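> One structure is given below, represented as structure tokens, and several questions about it will come after.
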Amino acid sequence: MTTTIALRILAWLLLGALVVVTIGPIQWRPISPLPTQVERALALMIIGFVFALAYPRRILLIAILVLGTTAILEPLQVFEPSRHGRLIDALVKLAGACLGLLTGYLANRLWRRD
């Protein structure tokens, strides 16, 4: 399996996991010793980074996908009684995603993967 295929599979698995832990019951949310906002930013940073590496020639489309999914998922939390979507949470997640996308884009440029 090539690196690109593995990265693409990983990217979509991570996005799927994000959907599950974001709109599922609160018990499904992974817990770490990090502050909650750091967890959120880091999770989206990793997803953005992996997507940017996986699709180096489609960075704009990937940015729309990652940022759009992030923005849509936050308000969908209102349909799960144990969850709540907040603007500050969405902004933290979007900032993390942007940082991950930018870092992945720059890494691709540096490594000339595309």
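> Does Leu76 meet the test of being among the aliphatic types (A, V, I, L, M) and part of a helix (DSSP H, G or I)?
So Leu76 passes the test.
> Still on this structure, I have one more. In this structure, is Ile59 at pLDDT 90 or above and open to solvent by 80 Å² or more (accessible area, probe 1.4 Å)?
Here the answer is no, as Ile59 does not meet what is asked.
> Same structure, new question: Residue check: is Ala95 crowded, with 19+ Cβ neighbours inside 10 Å, aliphatic (A, V, I, L, M) and touching a residue at least 40 places away in the same chain (Cβ under 8 Å)? Working first, answer last.
Values: crowded, with 19+ Cβ neighbours inside 10 Å: no; aliphatic (A, V, I, L, M): yes; touching a residue at least 40 places away in the same chain (Cβ under 8 Å): yes.
So Ala95 does not fit the description; no.
The values are calculated or read from the model by the stated rules, or taken from the named source; none is laboratory data. The shown structure was predicted, so the numbers you read here are calculated from the model rather than taken from an experiment. Note that we place each Cβ from the backbone using ideal geometry, even for glycine, and neighbour counts take in every protein chain shown. Protein only, heavy atoms only, side chains kept; ligands, DNA and RNA dropped before computing areas. Shrake-Rupley method; radii C 1.70, N 1.55, O 1.52, S 1.80 Å.
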